[in-house]
Each structure stands twice: as structure tokens, then as C-alpha cells.
1. For the condition of a type in the set (A, V, I, L, M) and surrounded by fewer than 22 Cβ atoms within 10 Å (Cβ to Cβ), what is the one hit in Val149, Val85, Val111?
2. I'd like to know if segment 211-223 contains one or more residues that are open to solvent by 10 Å² or more (accessible area, probe 1.4 Å) and part of a loop (DSSP other than H, G, I, E, B).
3. Would you say Leu16 is closer than 30 Å to Ala248 by Cα, touching a Lys or Arg at 6+ places or on another chain (Cβ under 8 Å), touching a residue at least 24 places away in the same chain (Cβ under 8 Å) and of a type outside the set (Phe, Trp, Tyr)?
4. I'm checking my understanding of the structure. Among residues of segment 13-28 that are aliphatic (A, V, I, L, M) and at pLDDT 95 or above, which one is farthest from Arg129 (Cα to Cα)?
5. Give me the residue from segment 164-210 that is among the acidic types (Asp, Glu) and out of contact with any Lys or Arg (no Cβ under 7 Å at 6 or more places or on another chain) and, out of that set, surrounded by the most Cβ atoms within 10 Å (Cβ to Cβ).
6. Can you tell me which residue within segment 227-280, out of those that are hydroxyl-bearing (Ser, Thr, Tyr) and over 30 Å from Arg38 (Cα atoms), is surrounded by the most Cβ atoms within 10 Å (Cβ to Cβ)?
7. Looking at (1) out of contact with any helix residue (DSSP H, G or I) (no Cβ under 6 Å at 6 or more places or on another chain); (2) of a type outside the set (D, E, K, R); (3) modelled with pLDDT of 95 or more; (4) open to solvent by less than 80 Å² (accessible area, probe 1.4 Å), which one does Gln102 not meet, given that it meets all the others?
8. So, in segment 295-345, exactly how many residues are touching a helix residue (DSSP H, G or I) at 6+ places or on another chain (Cβ under 7 Å), farther than 19 Å from Phe76 by Cβ and either charged (D, E, K, R) or open to solvent by less than 30 Å² (accessible area, probe 1.4 Å) (or both)?
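The values are calculated or read from the model by the stated rules, or taken from the named source; none is laboratory data. Fair warning: this is a prediction, and the values are worked out from it, not measured in the lab. Quick reminder, even Gly has a Cβ in these numbers, built from the backbone with ideal geometry, and neighbours come from all protein chains shown. Side chains are part of the model used for accessible areas, which takes the heavy atoms of the whole protein and leaves out ligands, DNA and RNA. Shrake-Rupley method; radii C 1.70, N 1.55, O 1.52, S 1.80 Å.
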Amino acid sequence: MPDESATSPYDALLLLSFGGPEGPDDVIPFLENVTRGRGIPRERLKEVGRHYYLFDGVSPINEQNRALLAALREDFDGHGVDLPVHWGNRNWAPYLTDTLRQLTADGRRRVAVLATSAYASYSGCRQYRENLADALATLTDEGLTPPRVDKLRHYFNHPGFVRPMADGVVASLADLPEDVRAGAHIAFTTHSIPTGAADTSGPEPAHGDGGAYVAQHLEVAGLVAEAVREATGEYHPWELVYQSRSGAPGTPWLEPDICDHLETLHGKGVPAVVMAPIGFVSDHMEVLYDLDTEARAKAAELGLPVRRSPTVGADPRFAAAVRDLVLERAAAERGEPRERCALGALGPSHDVCPVGCCPARTPRPAAAGADSPYA
């Protein structure tokens, strides 16, 4: 059983997430937070907001984060890891700055940060680091001495992330009608991003066609597909596709879109599809609306049987993976060897984002990286 020294030098874990509205009155203010500085017209925000109003203005992400917090605390307690777990959001309460202010008041000096984004990209990594830097700057301006923050490495290929998703695909295949099950394809989905952002995702050596973002997703898709083959004894053809595109129509984004992909598969005579949202940690709004609402409607229009497999959410194996990541990083900070768990060929990701990793179009300070102003 780990003792207190196993988590040293860390004295807290911060779950850092996107945030979401908790009721109808929160929707537009939340979307204003998300799009601040981008000049998005209010009418466009109202259009996006209708997705939330279909669910009474409540994003599921907050309740899912509460469930993950409970799972982490239960796992830590059950394995003798004495580390308080806190929660802060980028775009809604509990806000990141407020949580770091409380951690400062509690005397926390070194905080490990788990972002609810498993892959490398500007929006999935560096933007979280920029938000950390903004919060630390605010506290410093208030005359406080905030804790040092260290973002835990990307966990896209950690067994505790991959295996729950593979089990979910197996269960979704089993739920299909028997006469279409063997011929079903798997559509692995993730958030589309501009191709320019994809090409520069990850460290500079990974930059190129799709960058680390596409390479990491392809790795996970292949790992899940192989685990499904081993579990079922059948190979199911698969493809990585995208969802949740936003932004200017003239800007190239990663394709194909999931709805277009369903049309293509139907045209080829594919009898059924399992949609597997490997790019997401939990079943939040983009999963519930873009897959469970829009993509299901497209499939119904085509007469194509579909199932949607679950994300990892608060699966105990994912909570155990987070514990592993904390203990692994703590050991590295102490200069002690520890196994770094990762499946596939890409291996474990870097602990500290190097200079040039997932660059922003307009450079801004970012914490928890080699270029951080906060050592």
C-alpha cells in the first residue's frame, strides 16, 4: 500500500475540465465564456445553445465530473493514497481560478493536474495550460503565492483508458441484431479540429499530416479494434471519423464527419455500425447531441442499425489509471524509477510539454511546460 511519501512532492490532485451549464439561464453566459475573444455573434450562440435546451439547459459533464471525483477518491482511499482531489473548470463553476485560490489558502504547494482530455492538440492540452497560467497570474496579482502545477501526461494509450472502451464496443456489438452483427463496422469518433491545428499537434518532431492528434487516435482505434477481435473472434472493419465541427466554413477541418460516414457505409451495403467515441472521456453534450441525437437520426433515416458504445467516464479502471499516473509522475519528480504503462507502439507520452508543442496561433503564456513562466 502506498504511503504519504509515494505521492511526494504532490499534496493535491486537481481535476481540470471544460465545464458546462447547470440550467437554462446558464447556457448563454457559459457559451460567452467559451467563445470570449473570438467575436462569435450572439445569434450564433443562441443556435448552439438549443443543443443544451434539448436537455433542459443542463450539460451532463458536471455530474460526470462529480462521479469521476467520487471514483478517484474511492480508489485513492482504497489503495492508501492520501491525496485530496479537487475540481476546477475552464468555463463554468467551479472555476479553475477559484479552485486554485482555495488550494493556495489550504497551503497546498505542489499540485498534479489531470485534464479531461486524453490527446495532444492545442484545444486538448495547451489551452488547458494557458488557462492554468491565467489563473496563476490572477492569484499572483492578488498578492498570493499559488502552488506549482504539473499536468499529468497524455493517457490515451494507458490500459485503464483503452480497455474500458474496448469492453464497451464488445457490448455494443452484442446488442446489435444477430443477423447484422458479424458484418458491423466500427466508427471510432473524436472531435474534429482544424487541419492546421492537427498538423502542429504534439512535439515538433510529430508535426506533419495530422500530427500527434491523428496518430494518437489511430493508435487507440487500432488497439480497441484488436481487443474487440480477441474478445469476439471476429474482425470488424473500422475507420477514424470526426464529429462536432464548428468554426468558419472556409477553414479546413478533419474529415469525414460521422453523418457523412454513415451515409457512405450504408451506400456500400454495410449492415450495421457501432459508433465508438474514443476521443472523449465522458458522455458529455457533444456525445449526447452529435452522436445520440444527430448521428442516430441520420442512421434512422438510412435504415441503418447503429449502437453507440460508452466512454470511460468513472470506470474504476480509469480511476486506477489516474492513480497510476499520479504515482508515476511523483516518482519521476523524486528521481525514482517506475514503470510507465502504455499500450501500442507510441509508448508513454512526455511528462513536460516541450517548447513548440501544440502551438497557439497567438502565443500566450502556458503553465506546466518547458516554456512555463511558473517553475
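1. Values: Val149 fails: surrounded by fewer than 22 Cβ atoms within 10 Å (Cβ to Cβ); Val111 fails: surrounded by fewer than 22 Cβ atoms within 10 Å (Cβ to Cβ).
Of the residues listed, the single one that is of a type in the set (A, V, I, L, M) and surrounded by fewer than 22 Cβ atoms within 10 Å (Cβ to Cβ) is Val85.
2. no
3. Details: closer than 30 Å to Ala248 by Cα: yes; touching a Lys or Arg at 6+ places or on another chain (Cβ under 8 Å): yes; touching a residue at least 24 places away in the same chain (Cβ under 8 Å): yes; of a type outside the set (Phe, Trp, Tyr): yes.
When the stated conditions are applied, Leu16 passes them.
4. Applying the first criterion (aliphatic (A, V, I, L, M)) to segment 13-28 yields 13-16, 27-28.
Filter again for at pLDDT 95 or above, leaving 13-16.
Details: Leu13: 15, Leu14: 13, Leu15: 13, Leu16: 10 Å.
By that ranking, first place goes to Leu13.
5. Looking only at segment 164-210, we keep the residues that are among the acidic types (Asp, Glu), and these are 167, 175, 178-179, 199, 204, 209.
Now narrow it down to the ones that are out of contact with any Lys or Arg (no Cβ under 7 Å at 6 or more places or on another chain): 167, 178-179, 199, 204, 209.
Details: Asp167: 19, Glu178: 7, Asp179: 10, Asp199: 17, Glu204: 13, Asp209: 9.
Residue satisfying both the conditions and the ranking: Asp167.
6. Here is the first cut: in segment 227-280, the residues hydroxyl-bearing (Ser, Thr, Tyr) are 232, 235, 242, 244, 246, 251, 264.
The next check asks that each one be over 30 Å from Arg38 (Cα atoms); those that pass are 232, 235, 264.
Details: Thr232: 15, Tyr235: 11, Thr264: 13.
Within segment 227-280, the match that is surrounded by the most Cβ atoms within 10 Å (Cβ to Cβ) is Thr232.
7. The failed condition is (4).
8. 10
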